[in-house]
Amino acid sequence: MNWIERGWYSASKLNFILLPLTVLFWLLSSVRKWLFKLGLKQTIQSPLPVIVVGNISVGGTGKTPFVIYLVELLRQQGFEPAIVSRGYGADKNDDVPFPRLVTPELPVNLSGDEPKLLSLRTQCPVVIGSDRAQAVQFVKDNTRANIVISDDGLQHYKMARDIEIVLLDAKRMFGNGWLLPVGPLRELPSRLQTVDLTLINSGSETTEEHDQTKTEKDYQLSAEIAYNLLTPSLTLSTNTKVKLVSGIGNPQRFLSTALTMGYQVDNTLWFADHHLFKAQDFERFNPDDIILMTEKDAVKCRAFAQDNWYVLPISAVISKQVELKLLELINDLPKAH
């Protein structure tokens, strides 16, 4: 975490030297939003119902496990879901143009880490591309899916959507409350008043101010026993001493989860979000050190993983009340446009 990111969640005033950039960011994003509202920029009607799972801040809020949960919920309701994602970190390749279907054979450098994980966990079509409206059309033309989940993309106003779900991190919330880059926000908290459902990850209590946005807090992440990266049938006892390695948006949550599970964290090594791991990143560890990482990181390490590397799987746990609200929103969806 660099000094800018540290300032988002502390009392530091150093970030305010970036205030001119925040004003510029606010001006450009506001003009862009109004261009869509006035019809001067076109929102492309989606050929399939679209559910956006996004956030108003940068950094991890638990979108990936929630998307996996939502896929299963939609299947239970008779839908055949697909996922569209920007595919952050995916290399350009003329042989595999965008929009690009993520397959088990597609190398992670061509899929991005989160799309690869979503493909492996859900076994549903995952399509990546910076133009999400184009990706949705690709889903319609090339798969059997009849509904689309957009992993992130809340601010991608070119893509029409039927449901907007926003996830917030209970500990980080809105940070210092400022837009990028002074703060972590992509949009102001008032944006929550226009979405269909807002969930706070980890279920911590809300303040009176947050209650005014009718924010739900019944979304938690549940960890399971870690499994071996190379031999998934092997599990790791929870009282084992481990080294944590991650390249995710909120590594502190990973640390808290590992400690809560009972793992003895001997050391941590954090990289930037979406870090493309290589074998050299692990040279500082001893050969007998037990490495524990997230599923998102593990998909990038399989080619050079060692026998003592383990993965901590995370699942979304949704309260019955929130699930009923989701079902209500889903049941109001058209089958297709």
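The values are calculated or read from the model by the stated rules, or taken from the named source; none is laboratory data. Model, not experiment: these values are computed from the prediction. All Cβ positions, glycine included, derive from the backbone under ideal geometry; neighbour counts span all protein chains shown. The accessibility values were calculated without ligands, DNA or RNA, using every heavy atom of the protein model including side chains. Shrake-Rupley method; radii C 1.70, N 1.55, O 1.52, S 1.80 Å.
Things worth noting here:
- Which numbered condition V52 fails, given (1) in contact with a Lys or Arg (Cβ under 8 Å, 6 or more places away or on another chain); (2) in a helix (DSSP H, G or I); (3) within 25 Å of L192 (Cα to Cα): (2)
- Entry remark, the range 247-282: residues being of a type in the set (D, E) and within 25 Å of the chain's Cα centre (by Cα) number 2 in total.
- Residue count for the range 78-94 under the criterion of being within 12 Å of the chain's Cα centre (by Cα), surrounded by 24 or more Cβ atoms within 10 Å (Cβ to Cβ) and part of a loop (DSSP other than H, G, I, E, B): the result is 1.
- Selection count where residues are open to solvent by less than 30 Å² (accessible area, probe 1.4 Å) and within 30 Å of G7 (Cα to Cα), scope the range 29-58: 6
- For the range 235-246, the tally of residues that are touching a residue at least 24 places away in the same chain (Cβ under 8 Å) and either under 22 Å from the mean Cα position of the chain (by Cα) or in a loop (DSSP other than H, G, I, E, B) (or both) stands at 7.
- When each of V53, V58, V23 is tested for being touching a Pro at 6+ places or on another chain (Cβ under 8 Å) and within 26 Å of L179 (Cβ to Cβ), the lone residue that passes is V58.
- Close pairs (7 angstrom Cβ cut-off, 6 or more residues apart or separate chains): closer than 22 Å to N239 by Cβ in the range 309-327, part of a strand (DSSP E or B) and among the basic types (K, R) anywhere: none
- Hits in the range 111-125 (condition: surrounded by 21 or more Cβ atoms within 10 Å (Cβ to Cβ) and part of a helix (DSSP H, G or I)): S111, D113, E114, P115, K116, L117, L118, S119
- Selection of the range 217-234 for residues being open to solvent by less than 50 Å² (accessible area, probe 1.4 Å) and in a loop (DSSP other than H, G, I, E, B) yields A226, L229.
- Of residues in the range 178-197 being aliphatic (A, V, I, L, M) and under 11 Å from V52 (Cα atoms), the one surrounded by the fewest Cβ atoms within 10 Å (Cβ to Cβ): V195
- A single member of T64, T103 is closer than 30 Å to W178 by Cα, open to solvent by less than 80 Å² (accessible area, probe 1.4 Å) and in contact (Cβ under 8 Å) with a residue 12 or more places away in the chain, and it is T64.
- Checked across the range 19-33, the condition of being touching a Ser or Thr at 6+ places or on another chain (Cβ under 9 Å) and either touching a residue at least 60 places away in the same chain (Cβ under 8 Å) or assigned to a loop (DSSP other than H, G, I, E, B) (or both) holds for no residue.
- Tabulated pairs, the range 186-204, first over 21 Å from D218 (Cβ atoms), second at pLDDT 95 or above and open to solvent by 20 Å² or more (accessible area, probe 1.4 Å), C-beta under 7 angstrom, 6+ apart or interchain: R186/Q155; R186/L180; E187/Q155
This table checks each residue for (1) of a type in the set (D, E, K, R); (2) modelled with pLDDT of 95 or more; (3) touching a Lys or Arg at 6+ places or on another chain (Cβ under 9 Å).
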residue: A160; (1), (2), (3): no, yes, no
residue: L180; (1), (2), (3): no, yes, yes
residue: R191; (1), (2), (3): yes, yes, no
residue: S204; (1), (2), (3): no, no, yes
residue: D211; (1), (2), (3): yes, no, no
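- Condition broken by L73, with the remaining ones in (1) closer than 23 Å to L197 by Cα; (2) touching a helix residue (DSSP H, G or I) at 6+ places or on another chain (Cβ under 7 Å); (3) in a loop (DSSP other than H, G, I, E, B); (4) of a type outside the set (S, T, Y) satisfied: (3)
- If you filter the range 253-299 down to residues that are touching a Ser or Thr at 6+ places or on another chain (Cβ under 7 Å) and of a type in the set (D, E, K, R), you find that the one that is most open to solvent (accessible area, probe 1.4 Å) is K296.
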